[in-house]
Amino acid sequence: MIVLGIDTSCDDTSAAIVQDGRHIKSSIVRSQLRLHEPHGGVVPEVASRAHLGDIAGVVRDALKAAALTFDAIDAIGVTYGPGLSGSLRVGLGYAKGLALARGLALLPVNHLEGHVYSNWLIADQDQPMAEPRFPVLVLVVSGGHTELLLMTEHCQYLLLGSTKDDAAGEAFDKVGRQLGLGFPGGPAIQRAARAYQERSQAKPDVEPPPVLPRAWLRGTFDFSFSGLKTAVWHLLEATSRQRGGDVDDGTRSAIAYAFQESVVDVLATKVVAAATQHRVATVCVCGGVASNEALRARVAGLCRVPVYIPPPALCVDNGAMIAAAAFYRARHIPKADCPDDPFVVDAEASAPLPAMSTPGRFPAGEG
Ligand code: KG4
Ligand code: ZN
């Protein structure tokens, strides 16, 4: 089954063609970073207008890169939520029109489920890995979400924990702004943290990084990052006062390193505890923050079961993950569970993951 996957949930216009949920024939992502950068964040109205201008060309480029025509496509998978309402409507409207005009099946996909299924995509055709074995523990860490899910089978999720305030990516973006590192904060903080590490390895007398708090939220698999953001703010204020208003690049990179360590420590510790408690066969990490090199290394180093983390290009938003999720949903969810008429599916700002049950417990005394 060949699926055209479309995602316009935030600030990237993306389309991809994927065969049988795993084989990427093409993947095109047109970034709007240049448009949003001067504003220090995504401007919803600017994003939806840019999607409108780009969507047709991005789909055409995906077909061209796969050397296919519309005749080869069996279905269209498209993100219906969660995301920016105006942005979602562009992709959804385009996909609906295309499906009607071409007589193709329309498969509405939850954006989070898309991130989950990025772990099923074969990133390197020369080294195709087996599918993740169930039960699977999934950590979704993106700009809008931080969720620990237990997947017992395809498209079935138990929500073990989630963030009580900011998402991990949101915290990276906000702290990146506080530190004057630019937008998006995630890659900028990673670069600054790496610079600090390299400096401290080269010169052992370099100032030690500050110690920032860990919000463990003991007894739960939930997360909280807003206090950490406030701690960075206080640290910056205090340092600036001490030094007469000057916080040099070296100190900023030391703070970036400390912040990254704090986030990675909590995420990785809870992943390992949940994996142990639920005796999972596989751990999957996905979403934009899963691009973070420190998080990737920590989770891979601590887990005793196989760990799947897509390459960075498949961690951030892309159409291939939407095509993969559409394929597995079509294959595993009986028709009765799908909306009667997919053409009525509309963008919802906070669409929940389907078939999600109540939170699980964190083992007493851990974390
Ligand atoms: O999944 P994604 O592309 O979009 C959403 O669905 O939100 O995630 C974007 C988020 C942003 O907050 C960005 O700062 C973060 O992922 N991010 C990173 C890194 N690369 C992207 N965070 C930490 N380290 C990175 N290397
Ligand atoms: Zn995303």
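Annotations
- Test: R298 is touching a helix residue (DSSP H, G or I) at 6+ places or on another chain (Cβ under 9 Å) and more than 19 Å from V18 (Cβ to Cβ): yes
- Condition met for L106 (within 18 Å of the chain's Cα centre (by Cα) and either more than 28 Å from A258 (Cα to Cα) or outside the structural domain of A254 (by TED's automatic domain parsing) (or both)): no
- Screening the candidates A62, A75, A67 for the property of being closer than 18 Å to A101 by Cβ and out of contact with any Gly (no Cβ under 9 Å at 6 or more places or on another chain) yields one hit, A75.
- Selected residue (criterion: farthest from the chain's Cα centre (by Cα)) from residues of segment 10-31 that are closer than 25 Å to G143 by Cβ and part of a loop (DSSP other than H, G, I, E, B): G21
- Of all the numbered requirements in (1) of a type in the set (S, T, N, Q); (2) under 20 Å from G91 (Cα atoms); (3) not assigned by TED's automatic domain parsing to the domain that holds D12, N318 misses one, and that requirement is (3).
- For segment 68-78, the criterion of a residue being within 30 Å of F183 (Cα to Cα), outside the structural domain of H145 (by TED's automatic domain parsing), in contact with a helix residue (DSSP H, G or I) (Cβ under 9 Å, 6 or more places away or on another chain) and within 16 Å of ligand 2 (Cβ to nearest atom) is satisfied by at least one position.
- When segment 121-147 is filtered for residues that are farther than 15 Å from A281 by Cα and within 17 Å of the chain's Cα centre (by Cα), the ones remaining, listed by number, are L121, A123, V140, V141, S142, G143, G144, H145, T146, E147.
- Taken residue by residue, segment 156-172 has no member that is within 19 Å of T239 (Cα to Cα) and assigned by TED's automatic domain parsing to the domain that holds A274.
- Any hit, segment 165-174, residues being outside any loop (DSSP other than H, G, I, E, B) and touching a strand residue (DSSP E or B) at 6+ places or on another chain (Cβ under 8 Å): yes
- Against the list (1) within 28 Å of V232 (Cα to Cα); (2) within 16 Å of ligand 2 (Cβ to nearest atom), the condition L149 fails is (1).
- Selection status of A281, modelled with pLDDT of 95 or more, buried (at least 20 other Cβ atoms within 10 Å of the Cβ) and either of a type outside the set (S, T, Y) or under 23 Å from Y196 (Cα atoms) (or both): no
- Unmet requirement for V289, which otherwise passes all of (1) away from ligand 2 (no atom under 16 Å from the Cβ); (2) assigned to a helix (DSSP H, G or I); (3) closer than 25 Å to S200 by Cβ: (1)
- Residue pairs meeting the criteria (Cβ under 6 Å; at least 6 apart or on separate chains; first touching a residue at least 24 places away in the same chain (Cβ under 8 Å), in segment 188-212; second of a type in the set (S, T, N, Q)): I189/Q260; Q190/N292; A192/S253; A193/Q260; A195/S253; Y196/S253; V206/S200; L212/S262
Residue by residue, here is whether (1) of a type in the set (K, R); (2) surrounded by 22 or more Cβ atoms within 10 Å (Cβ to Cβ); (3) away from ligand 1 (no atom under 16 Å from the Cβ) holds:
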| site | (1), (2), (3) |
| --- | --- |
| G93 | no, no, yes |
| L107 | no, yes, yes |
| D124 | no, no, yes |
| A130 | no, no, yes |
| F134 | no, no, yes |
| K174 | yes, no, no |
| P184 | no, yes, no |
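- Residue satisfying all of: in segment 249-294; away from ligand 1 (no atom under 16 Å from the Cβ) and among the aliphatic types (A, V, I, L, M); nearest to G176 (Cα to Cα) among these: A254
- Residues of segment 165-211 classified as over 25 Å from D246 (Cβ atoms) and in contact with a Leu (Cβ under 7 Å, 6 or more places away or on another chain), total: 2
- Options V46, V29: the member that is under 19 Å from G288 (Cα atoms) and surrounded by fewer than 20 Cβ atoms within 10 Å (Cβ to Cβ): V29
The values are calculated or read from the model by the stated rules, or taken from the named source; none is laboratory data. Note that this is a predicted model, so its numbers are computed, not measured. Here the Cβ is made from the backbone with ideal geometry for all residues, glycine too, and neighbour counts use every protein chain on show.
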